[in-house]
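Following: one structure in structure tokens, then a few remarks.
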Amino acid sequence: MKKVLLTAMALLTIASASAFGMYGDRDSWIDFLVHGNQLRARMDQFGFVLGNGTIKGTFGFRSQAASTAWGNILTTGTTGDVNLTTTISAGIGYTSEPFGIGVGYNYTFINKKLGVHTPVLMINALNNNLRIAVPIQIAVSDDPFNGGFDVAHVQGEKAKGYLGVSTDIQIRYYTGIDAFNAIRLYVKYGQSQFKVEGPVTSGDVLAQSVGFEARFYFLNTPVGNVTINPFVKVAYNTALHGTSTMVRAGDVVYNYLAKKPNSTIIWDHKDAKWEKNPYDVTAQAVLGITANSDIVSLYVEPSLGYKAVYDGKGQNSATDTVKHGLAWGAYTELYIRPTQDLEWYFEMNVNNDNFGVQSQPSNIPVFFETTTGITWYLPALGGAQ
């Protein structure tokens, strides 16, 4: 019984640490209220969490999609201007056994004329078994492209009055029952709109999407020297307007300026009609495997499933077909702790690019991402351990 309890504690520790914040503008705030005091420095983030048993705060930086130079906090442009190319985050929270609440704020730099503001609300209840994070991304600008917009490759195009709103809500519930031990629900909504004025293209343009994802964890079981925790993941995203099934505030501007693939066609005229909206759906079986020793903890997550992508049918659509294929992935987290206070962390994720929903700059049909760094766990303020 003692071995099972220790294994369960190790799994919960890894689960909370895997939401590797410091913190991003999406749902990585979900575990802020249960994170202990720490200083974290990784390839894509730097920051700290400090507090006592009741009040805690955080401040840090994190490079992500809206950064033009991944891994950098500050960059200098060709004109000598210094830009903040990262997301900056700060937050404060109150914690207790029956209830916890926190608020956070992120600012993500896009360019001189546009930034994304993200207020976040976090709620924990039922002795931290129920966790909710609600971030809302808001981006507003009269000149979002900083004068660089050219939708039809014609000089004189202007974009005005940009408004982007999106959210990435996450809800987790840990049941305490090994046979069905956790549920995660994700709700995503995004909208980007602005007005185009020019000699060829004019009018209001709009991109809008909604998405849902559910994960069901079950049969948390020791098998030999490892513990398995399988789960099933089902996700559905659809474009309510335009062609993008995943719209987020500010991304339409960042993608265009970074010249990412298809960045000029992910919006559509506000009055355009679609007979059938684009969508993508994924169903995957995932096996979480954990192994622990006194110094090393390893978590691996192979997955295999089905993915379907439909480009939609509009007024100018040439095809009306659904692309089917396998969705596979291999995710890994490695923790090395020579002492309980110091940790080296390595994370790697490899998967197929899902028909271009994710893409590498090289167009290689494998999506690869990784990060590494250290975490120094600090004592609670006031000397409490």
If the Cβ limit is 9 Å and pairs must be 6+ apart or interchain, which residue in the range 276-289 that is within 13 Å of GLU213 (Cβ to Cβ) pairs with which residue that is among the acidic types (Asp, Glu)?
THR282/GLU213; VAL286/GLU301
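Can you pull out every residue in the range 168-190 that is in contact with a strand residue (DSSP E or B) (Cβ under 6 Å, 6 or more places away or on another chain), over 16 Å from ARG26 (Cβ atoms) and open to solvent by less than 60 Å² (accessible area, probe 1.4 Å)? Can you show your working first?
Our first condition is that a residue be in contact with a strand residue (DSSP E or B) (Cβ under 6 Å, 6 or more places away or on another chain); within the range 168-190, this holds for 168-174, 181-190.
Subsequent filtering for residues that are over 16 Å from ARG26 (Cβ atoms) retains 173-174, 181-183.
Within the range 168-190, TYR174, ASN181, ALA182, ILE183 meet the criteria.
Yes or no, residue by residue, for (1) in contact with a Lys or Arg (Cβ under 9 Å, 6 or more places away or on another chain); (2) at pLDDT 90 or above; (3) buried (at least 20 other Cβ atoms within 10 Å of the Cβ); (4) of a type outside the set (Lys, Arg):
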{"position": "LYS112", "(1), (2), (3), (4)": "no, no, no, no"}
{"position": "MET122", "(1), (2), (3), (4)": "yes, yes, yes, yes"}
{"position": "ILE136", "(1), (2), (3), (4)": "no, yes, no, yes"}
{"position": "VAL140", "(1), (2), (3), (4)": "no, yes, no, yes"}
{"position": "ASN146", "(1), (2), (3), (4)": "yes, no, no, yes"}
{"position": "ASP150", "(1), (2), (3), (4)": "no, no, no, yes"}
{"position": "LYS158", "(1), (2), (3), (4)": "yes, no, no, no"}
Out of (1) at pLDDT 70 or above; (2) surrounded by fewer than 23 Cβ atoms within 10 Å (Cβ to Cβ); (3) in a strand (DSSP E or B), the odd one out for SER89 is which?
(2)
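Which one of VAL210, VAL234, VAL196, VAL226 is open to solvent by less than 60 Å² (accessible area, probe 1.4 Å) and over 24 Å from SER141 (Cβ atoms)? So that I can check it myself, show each step before the final result.
Values: VAL210 fails: over 24 Å from SER141 (Cβ atoms); VAL234 fails: open to solvent by less than 60 Å² (accessible area, probe 1.4 Å); VAL196 fails: over 24 Å from SER141 (Cβ atoms).
Residue meeting the stated conditions: VAL226.
Of everything in the range 306-322, what is modelled with pLDDT of 90 or more and touching a Phe, Trp or Tyr at 6+ places or on another chain (Cβ under 6 Å)? Give them in sequence order.
Scanning the range 306-322 gives VAL309, TYR310, VAL322.
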Evaluate the following for SER297: is it modelled with pLDDT of 95 or more, within 17 Å of VAL281 (Cα to Cα) and of a type outside the set (Lys, Arg)?
no
Counting only residues that are surrounded by fewer than 14 Cβ atoms within 10 Å (Cβ to Cβ) and touching a residue at least 24 places away in the same chain (Cβ under 8 Å), the range 324-343 contains a total of 7
Open to solvent by 10 Å² or more (accessible area, probe 1.4 Å), within 27 Å of ILE88 (Cβ to Cβ) and among the β-branched types (Val, Ile, Thr): is that true of ILE101 in this structure?
yes
How about the range 92-148: which of its residues are closer than 16 Å to LEU163 by Cα, touching a helix residue (DSSP H, G or I) at 6+ places or on another chain (Cβ under 7 Å) and not in a loop (DSSP other than H, G, I, E, B)?
ILE110, ASN111, LEU114
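The values are calculated or read from the model by the stated rules, or taken from the named source; none is laboratory data. Predicted model, so just to flag it, every value in this text is computed and none were measured. Cβ: placed from backbone, ideal geometry, glycine included. Neighbour counts: every protein chain shown. Side chains included, ligands, DNA and RNA excluded: accessible areas come from the protein's heavy atoms. Shrake-Rupley method; radii C 1.70, N 1.55, O 1.52, S 1.80 Å.
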